[in-house]
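The values are calculated or read from the model by the stated rules, or taken from the named source; none is laboratory data. Since this is a predicted model, take the numbers as computed values, not measurements. Heads up, the Cβs are rebuilt from the backbone with ideal geometry, glycines too, and the neighbour counts pull from every protein chain shown.
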Amino acid sequence: MKVSPLLALAFLLPSVSARVANAADWPQWRGPARDGVVSDPAHKLTKLPQAPKPLWEIAIGPGQASPIVVQNTLLIMDGTAGKEVLHCLAADTGKEIWQVEIGPMVEFQNAYGEGPRCTPLVDGDRVYAQSCGGEFRCLALKDGKQIWATSFGDNYGATWFGNKSPDPEAKETASRRHGNNGSAIVDGDRVFVPVGSPKKGTLVAFDKLTGKELWTAGQDNTAYSSVMVATLAGVRQAVHLTADALMGVEASSGKILWREPLKTGAKRHVATPVIDGDTVTVTSTSIGTIRFKITQTAGAFTAQRQWENAGMKVVISSPIQVGANLFSPGAGNRCDLVCLNAATGEERWREPGLGDYASITAVNDSLLVLDSTGELRLVAASEAGYKELGRSHFVGKTWASPAYANGRLFVRDGTKLLALQLAP
């Protein structure tokens, strides 16, 4: 592991715990602040039920898209009758309010099965949804009526290949072989969408209300990573981990402010970047885990490596930061739960026993860790060592992150979606 000489500056960065989001809603990928960290003082999460009884449970089709919850509305995507479908449900009961087709269910084969991958997003009275094949739609939250739409293939030349395609270009993209996974993000009046077209734009900004294209940026294919937005070195920017690089794009203009090549042979960067102050932390099975410090001098931006932990080659999971600690599944397909010092990248502790994937959600001072076998653990969010507070098992194999809202956990596997009351 290499540590930057600028390491000492990291201790001056503001703590993530000072800006955790409220847990009333879970409106997008990884929650209110898109970082998997929430504060829920009204619900003390101290243990897990040994034999949980769901508040409700319904059958759903295949897919790995995560549920989202806004007030009493839940949205989930699945495969239904050969289509990728967005379902709007009552969060209290699971009763369906409406459903809308987003795109055809594309054909491909891999260990994770078929169906939609991308988590929808709610902003105000609108919901944004994306299919594996690259169909992106803005719908009215009330009734699912389409407001505007775009197609990555038809409008941007980012055609769907599938993983059986003999086309040489198919080898240069992960998202167009195995499914568009990266979730869009709304910031102000814009929505940033990871279109992934080497010819017409890696990242595209649309007017969120009308769908008018505002700008395009980059010539990379996308991988599977979701877009983040933050003010770094004094400038608001979209941060995107593509198939070939990590880049920061000025939110207002689409100008690429900085770009750091990060190569992966399989084009499969998956994890969502973690942003803390002016730093961006990324991980993948090819590069390990790296933290960059974004600086600006006379208008020129630089991504400086603060530290690099080459052993933390995380396959498909996203880390979270709580205070001075990063919590993440470790390397490999049978991974450990690992705590890293966020300022140095050095390992504080590790605990074995996770599957090939785990989602981690920080609620107050605890971690909810759901692994791919469907087992849920409650773990203290402490740098002192692994302390398990409870363990429960109530779903089958899953690679979808759950949603947490008001003491309730909404979680899916390949055949069902259910709601659990975790905290009184």
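Within the stretch 36-70, if we keep just the residues that are in contact with a strand residue (DSSP E or B) (Cβ under 7 Å, 6 or more places away or on another chain), surrounded by fewer than 17 Cβ atoms within 10 Å (Cβ to Cβ) and charged (D, E, K, R), the residue that is nearest to residue 274 (Cα to Cα) turns out to be 47. When the stretch 224-267 is filtered for residues that are surrounded by 22 or more Cβ atoms within 10 Å (Cβ to Cβ), in contact (Cβ under 8 Å) with a residue 60 or more places away in the chain and closer than 15 Å to residue 299 by Cα, only 232 remains.
Quick one: is residue 395 among the β-branched types (Val, Ile, Thr) and within 16 Å of the chain's Cα centre (by Cα)? Criteria not met by residue 395. Under the condition of being of a type in the set (Lys, Arg) and more than 16 Å from residue 98 (Cβ to Cβ), the residues counted in the stretch 115-140 number 1. Taking the criterion of being charged (D, E, K, R) and part of a loop (DSSP other than H, G, I, E, B), the residues of the stretch 311-356 that qualify are 313, 334, 336, 346, 356. Of the numbered criteria (1) at pLDDT 95 or above; (2) surrounded by fewer than 24 Cβ atoms within 10 Å (Cβ to Cβ); (3) closer than 23 Å to residue 360 by Cα; (4) of a type in the set (Gly, Ala, Ser), the one residue 286 fails is (1). As a summary of the residue check, residue 390 satisfies the conditions (1) crowded, with 18+ Cβ neighbours inside 10 Å; (2) in contact with a strand residue (DSSP E or B) (Cβ under 8 Å, 6 or more places away or on another chain) except for the one numbered (1).
When the stretch 218-248 is filtered for residues that are within 26 Å of residue 65 (Cα to Cα) and among the hydrophobic types (A, V, I, L, M, F, W, C), the ones remaining, listed by number, are 223, 227, 228, 229, 230, 238, 239, 241, 243, 245, 246, 247.
Every residue, every condition in (1) without any contact (Cβ under 8 Å) to a residue 12 or more places away in the chain; (2) in contact with a Lys or Arg (Cβ under 6 Å, 6 or more places away or on another chain); (3) within 17 Å of residue 401 (Cα to Cα); (4) hydroxyl-bearing (Ser, Thr, Tyr), yes or no:
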site	(1), (2), (3), (4)
288	no, yes, no, no
295	no, no, no, yes
312	no, no, no, no
360	no, no, yes, no
387	yes, no, no, no
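Note on the stretch 395-419: residues that are in a strand (DSSP E or B) and either buried (at least 23 other Cβ atoms within 10 Å of the Cβ) or hydroxyl-bearing (Ser, Thr, Tyr) (or both) total 9. State yes or no: is residue 276 within 24 Å of residue 320 (Cβ to Cβ), among the acidic types (Asp, Glu) and at pLDDT 95 or above? In short, yes.
Restricting attention to the stretch 18-57 and to residues that are among the β-branched types (Val, Ile, Thr) and under 15 Å from residue 401 (Cβ atoms), the residue that is nearest to the chain's Cα centre (by Cα) turns out to be 37. Where strands (runs of 3 or more DSSP E) sit wholly within the stretch 190-229, those with at least 3 residues that are modelled with pLDDT of 95 or more and within 16 Å of the chain's Cα centre (by Cα) occupy 190-193. Residue count for the stretch 81-93 satisfying the condition of being of a type outside the set (Lys, Arg) and surrounded by fewer than 19 Cβ atoms within 10 Å (Cβ to Cβ): 5.
Scanning the stretch 177-189 for residues that are modelled with pLDDT under 95 and more than 18 Å from the chain's Cα centre (by Cα) turns up just one, 177.
One residue stands out among those in the stretch 300-353 that are of a type in the set (Lys, Arg) and closer than 20 Å to residue 384 by Cα: the one that is surrounded by the fewest Cβ atoms within 10 Å (Cβ to Cβ), which is 350. A single entry from 359, 392 fulfils the requirement of being more than 21 Å from residue 65 (Cα to Cα), out of contact with any Asp or Glu (no Cβ under 7 Å at 6 or more places or on another chain) and in a strand (DSSP E or B): 392. Being of a type in the set (Phe, Trp, Tyr) and touching a helix residue (DSSP H, G or I) at 6+ places or on another chain (Cβ under 8 Å) is the filter here; which residues of the stretch 23-61 pass it? The answer is none; no residue qualifies.
Could you list, in sequence order, the residues of the stretch 129-172 that are over 21 Å from residue 70 (Cα atoms), of a type in the set (A, V, I, L, M) and not in a loop (DSSP other than H, G, I, E, B)? Passing the criteria: 149, 170.
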